[in-house]
1. Among the residues that make up the stretch 48-59, is at least one of them under 25 Å from the mean Cα position of the chain (by Cα) and among the hydroxyl-bearing types (Ser, Thr, Tyr)?
2. Across the stretch 265-319, what is the number of residues that are closer than 26 Å to Val121 by Cβ, of a type in the set (Asp, Glu) and modelled with pLDDT under 95?
3. When you scan the stretch 271-294, how many residues do you find that are in a loop (DSSP other than H, G, I, E, B) and buried (at least 21 other Cβ atoms within 10 Å of the Cβ)?
4. Select, from Val78, Val40, the only residue that is surrounded by 19 or more Cβ atoms within 10 Å (Cβ to Cβ), modelled with pLDDT of 95 or more and in contact with a helix residue (DSSP H, G or I) (Cβ under 8 Å, 6 or more places away or on another chain).
5. Restricting attention to the stretch 109-156, report how many residues are surrounded by fewer than 18 Cβ atoms within 10 Å (Cβ to Cβ) and within 20 Å of Asn209 (Cβ to Cβ).
6. Residue check, Glu62 against (1) farther than 17 Å from Gln93 by Cα; (2) more than 26 Å from the chain's Cα centre (by Cα), all met but one. Which one?
7. Would you kindly identify the strands (runs of 3 or more DSSP E) lying entirely within the stretch 1-119 that contain at least 2 residues that are free of Cβ contacts under 8 Å to residues at least 40 places away in the same chain?
8. Is there any pair with a first residue in the stretch 232-247 that is among the basic types (Lys, Arg) and a second that is at pLDDT below 90 whose Cβ atoms are under 7 Å apart and which are 6 or more apart or on different chains, and what are they?
Amino acid sequence: MKKNIAVIMGGYSSEHDISVKSGTTVFNHIDSNLYNPYKVIIDKDNWNLATSDGVNYPIDREHFNCTVNDVEINFELVFVMIHGTPGEDGVIQKYFDNLNIPYTGPSSDVALLTFNKKSCVEFARKNNIRTANSILIKENTDFSYEKIGEELKFPLFVKANNSGSSYGISKVYNVKELEIAIENSFEFDSEVLVEQFLDGKEVSVGVMNYENEIKVFGITEIATTNDFFDYEAKYEGKHEEISPARINEIQKENVEKAAKEIYVKLNMRGFSRSDFIFIGDTPFLLEVNSIPGMTEQSIFPKQVKMNNISLRKLFTYMIEDTLKNFKK
């Protein structure tokens, strides 16, 4: 009998719509000869199983199941494709842990760590992976814009500490811009990360434990016509992705080693995408995406196809590997 797979998408953050696009890609490529895939779209008020004919059936949150035409549907596995909260901050994983339902991707603890940019770069630094210098600012605490500028030196990046898809991020060149950018980022999160600007080539590295090997699927260079790789550049076509990245052999070896190391040290599961900037031959980690985008524009699925691996085959492996290793 075919297993029921819930592809859960949406979420409670500004990344809701991107998540639905990612989840739809996964849903469309799950092998329906092997599994019964279902779309589950959630927001703060509603969790619904969405059918192809446009009818929504409410999910019973106590048991995470659903009744469709008087038939109760239970799920053998959840394929988590929620960007932002509650998917990348560990909340939904803890929920499924409590229900003993297997799910793809990181554990609750790992998701929470990688979602917090400051915690993630501090973890990387402790494991001898280079990162930019940064300062974390919490809302309603005292700090000096001038002192931040003096310590880190302009230009600087200002980021919401717990956010993705380049929401709440700015590049600033003076104290006035810094003040405006911090206030803007506080609209997305109660913590803001102010980070040293690294002037170098940016690359994105897809990594996954695939067929019992920590595999680098590709190194993609990000070149944008914007001042940096912001939301507009990422999702509205104002960037160029160059694969393989135009880097030398030493840079390639160094970034592959760093990407694999952070994956292993974090005890990651499923696919991930780590972003780096090169200073000379040394890669500096920017962030780790534990549930990277899977839209048609996203980097990771393009890297998978570069390896002559279909998304259908990849998702089948993820499902089977998760079911095999799930511990009740």
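The values are calculated or read from the model by the stated rules, or taken from the named source; none is laboratory data. Just so we're clear, the structure is a prediction, and the values are computed from it rather than from any experiment. So basically every Cβ, Gly included, is an ideal-geometry build from the backbone, and we count neighbours across all protein chains shown.
1. Scanning the stretch 48-59, I find no residue that is under 25 Å from the mean Cα position of the chain (by Cα) and among the hydroxyl-bearing types (Ser, Thr, Tyr), so the answer is no.
2. So the count comes out to 1.
3. Here the count works out to 5.
4. Val78
5. 2
6. Among (1) farther than 17 Å from Gln93 by Cα; (2) more than 26 Å from the chain's Cα centre (by Cα), the lone unmet condition for Glu62 is (1).
7. Output list reads 35-42, 47-50, 56-60, 65-68, 71-74.
8. Lys234/Ser165; Lys234/Ser166; Lys238/Thr224; Lys238/Thr225; Lys238/Asn226; Lys238/Glu232
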